[in-house]
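Here is the structure we will look at, set down as structure tokens.
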Amino acid sequence: MATTGQALRDPAHRVSPRARAMWVTTAAVEGVVALVVLLGAVLAWDAVPAWTLALLLVAEVVWIAVVPQWRYRTHRWEVTDTAVYTQTGWWARERRIAPMSRIQTVDHAEGPVERLFGLASVTITTASAAGALAVPGLDREVARRLVDDLVRQADAVEGDAT
Amino acid sequence: MSEPLGPAAPPVAGDEEWQRLDPRMLLVHPVREVVRFLPALVAIVLAGTASGGVTWQVLGVVVPVALGLLRYLTTRFRIADGRVELSRGLLQRRVTSVAVDRVRTVDLTASLVQRVLGLVRLRIGTGVAANDDGDALELDGLPADRAEALRDDLLRVAPAVDQTASATKDGPAPPVATFDPRWLRFAPLTGTGLVVVAAAVGGATQLLDAVGLPRSLDRADLRGPGVVGAVGLLVAVLVGLLLLTVLGYLVTNGGYRLEQTPAGWRVRRGLLTTRDTTIDDERLAGVALGEPLALRVAGGRHLQAIVTGVDRSETGSSMLVPPSDAAVAPRVARTLLGHAGPVDGPLRDHGPAAARRRWTRAVVPVLVVLVAAVAAVGAGAPWWLLLGPVALLPAALVVAADRVRGLGHALLEGHLVARSGSLARRREALGTGHVIGWTFRDTWFQRRVGLTTLGATTAGGRGAVTVLDVPEPDAVAVADAARPGLVAQFVR
């Protein structure tokens, strides 16, 4: 067997470096919201001590310092003539491989936050309920090119993709 | 199925025109709408009685009946140009259209009311991944004989079925499996049986609360006739539940029969609501042999099909063998797959790291609870708080040992076989031709010990067959062997 004893390598391309900024921003906004909620609780009830605020703040700073960076190192993608290979996640890493012949739809989506950073996400679905490949945080132009390439390549393959 | 139609035979004559469902559905729809509106109706009747008006109550009956009538009048279907088309809705018209050669399963079900009227509901399963209910192609209410003819046509026109038809020319084969009343002893051990028991226990405690029975008994109450009565009541409730699960099993699976027909594998079951499913052989991607711990101890197994285009929200359509004697499900699996290997063949062990993970994952949560309980007792809580975690510990050990024994995977006779779990153990076999992608999922803990969870995605069942906690090189090797060339381009 050609692949005995071997492990998968990372996909070739990283997502846009601006994705890091996006993840930091969303994490910071969520953190501020959580802080405000907790502050309200501290003011409203005596049972909630004030030091929980400090604890939450420290946890959030650590989270913002670590998780977006970790995410950025994990998120990668690659397209070959016969397959798409994506890697997402951070603590739990998910690598997905789909043959070109089994691709059913290719979605290009830009959420409000993504648009702020000039980013887009591409979702590639197969006939499997568990088989969608999603790459968030791509540069808008890269995402558009990726969609065009995939549609052209997937179109060239015969079959009903199941 | 009485007259042999050639593969070139046109679909049932007269189906090319738009037509309505059977008019007898007019008797079914209003009843169904009334049932659906029942909570609102009760409220309306109560409010109406309170305010003294009859108008509201009349309206409460007229509206559902009118809705049922409207539904009948606005639902039409036709079979033309190789497509089945269903048109629904008055204000928002919705036309669902499916090419006949994309039909994967045809399901006939009949509720009690429909059976009395001689009607069935025909449901067409196609290969759409996200098949939400609104888009399902359902002809609710056809005469039974007409539906059966339509079913045979739909499945026979599909080109892939011709080979199956020629393979079984020598007369109708005997059924692969039929119902055996002795299977009823497995009823309480099925998933639904356990759910019924849990729901009833939950309901009973809520009822007790509502009735106002004391939650904690005084020591003095624990003597005398009160206790006997309570224990007697408990036993009676348990026996009642047992009977309920047996009855449930009988109603869903009574008259079960699995046979091979030219159109595919045909499963029939149900006493009140009958269900008649035919699975096109080409779409049978694999099987899942269910061997949950409780059923295994009692000497039982069950079998489900992994059918392309039928996802797990339609589990009823994929049942092949209900919980039954241990020999039946494997025998049926061997017959359907045409090989013994995927069902009986030896599996490859996942190694010591995977075994360690089974132990830690089963035992650590119990230990955490135990430590918390010890701390609570130390802080002055009653000692019996310890009983639960202490009793759970041996159970966790047993389950962990069973999980270790069960874990394994193999590539046998063109099927990827994976087994895992204990309380809900499954041995799944998926034809490698039906694998449409791979997922490798691993948490930091798994990466640390070189394990990954391999998923072979497919267009049916749970969406993927999962090989739990396999060493990464083994995962890559089996994925490459199952579909040569795909994964190899991404290895180091």
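The values are calculated or read from the model by the stated rules, or taken from the named source; none is laboratory data. From a predicted model like this one, the values you see are computed outputs, not experimental measurements. So basically every Cβ, Gly included, is an ideal-geometry build from the backbone, and we count neighbours across all protein chains shown. We work out accessible area using only protein heavy atoms, side chains counted, and drop any ligands, DNA or RNA first. Shrake-Rupley method; radii C 1.70, N 1.55, O 1.52, S 1.80 Å.
Figures for the structure shown
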item	result
Selected residue [within 25 Å of B:Val399 (Cα to Cα) and either among the small types (Gly, Ala, Ser) or not assigned by TED's automatic domain parsing to the domain that holds B:Ala400 (or both)] from B:Arg331, B:Arg301	B:Arg301
Qualifying residue in the range B:142-153 (condition: of a type outside the set (Val, Ile, Thr), modelled with pLDDT of 85 or more, open to solvent by 70 Å² or more (accessible area, probe 1.4 Å) and more than 24 Å from the chain's Cα centre (by Cα))	yes
Search result, residues across the range A:104-138 that are part of a strand (DSSP E or B), closer than 18 Å to A:His13 by Cβ and not hydroxyl-bearing (Ser, Thr, Tyr)	A:Val106, A:His108, A:Leu119, A:Ala120, A:Val122, A:Ile124, A:Leu133, A:Ala134, A:Val135, A:Pro136, A:Gly137, A:Leu138
Condition check for B:Thr439: under 30 Å from the mean Cα position of the chain (by Cα), within 11 Å of chain A (Cβ to nearest Cβ) and of a type outside the set (D, E, K, R)	yes
Residue tally, condition among the small types (Gly, Ala, Ser) and at pLDDT 95 or above, over the range B:457-476	1
Residue list for the range A:33-54, filter: under 30 Å from A:Gln87 (Cβ atoms) and without any contact (Cβ under 8 Å) to a residue 12 or more places away in the chain	A:Val33
Complete set of residues in the range B:236-256 that are assigned to a helix (DSSP H, G or I), surrounded by fewer than 16 Cβ atoms within 10 Å (Cβ to Cβ) and under 19 Å from the mean Cα position of the chain (by Cα)	B:Leu247, B:Val251
Any chance A:Gln69 is within 12 Å of chain B (Cβ to nearest Cβ) and surrounded by 13 or more Cβ atoms within 10 Å (Cβ to Cβ)	no
From B:Val246, B:Val227, residue being at pLDDT below 85 and of a type in the set (A, V, I, L, M, F, W, C)	B:Val227
Pairs with Cβ under 9 Å, 6+ apart, first in the range A:115-143 and in the same structural domain as A:Arg95 (by TED's automatic domain parsing) and under 16 Å from A:Arg102 (Cα atoms), second open to solvent by less than 10 Å² (accessible area, probe 1.4 Å) and in a helix (DSSP H, G or I)	A:Ile124/A:Leu150
Residue, farthest from A:Leu133 (Cα to Cα), within the range B:447-465, restricted to residues that are more than 7 Å from chain A (Cβ to nearest Cβ) and crowded, with 22+ Cβ neighbours inside 10 Å	B:Leu451
Any hit, the range B:471-484, residues being among the small types (Gly, Ala, Ser), open to solvent by less than 30 Å² (accessible area, probe 1.4 Å), within 12 Å of chain A (Cβ to nearest Cβ) and more than 24 Å from B:Asp344 (Cα to Cα)	no
Only listed residue being out of contact with any Gly (no Cβ under 6 Å at 6 or more places or on another chain) and part of a helix (DSSP H, G or I), chosen from A:Trp77, A:Trp63	A:Trp63
Of all residues making up the range B:413-433, the number that are surrounded by fewer than 24 Cβ atoms within 10 Å (Cβ to Cβ) and within 14 Å of chain A (Cβ to nearest Cβ)	3
Options A:Thr82, A:Thr88: the member that is within 14 Å of another protein chain (Cβ to nearest Cβ) and more than 21 Å from A:Gly118 (Cα to Cα)	A:Thr82
Filter result for the condition that a residue is in a strand (DSSP E or B) and at pLDDT 80 or above, over B:Arg185, B:Arg275	B:Arg275
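Yes/no matrix, rows are residues, columns are (1) open to solvent by 70 Å² or more (accessible area, probe 1.4 Å); (2) under 30 Å from B:Gly455 (Cβ atoms):
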position: B:Trp359; (1), (2): yes, yes
position: B:Val363; (1), (2): no, yes
position: B:Leu370; (1), (2): no, no
position: B:Ala375; (1), (2): no, no
position: B:Pro382; (1), (2): no, no
position: B:Ala396; (1), (2): no, yes
position: B:Asp402; (1), (2): no, yes
position: B:Leu411; (1), (2): no, yes
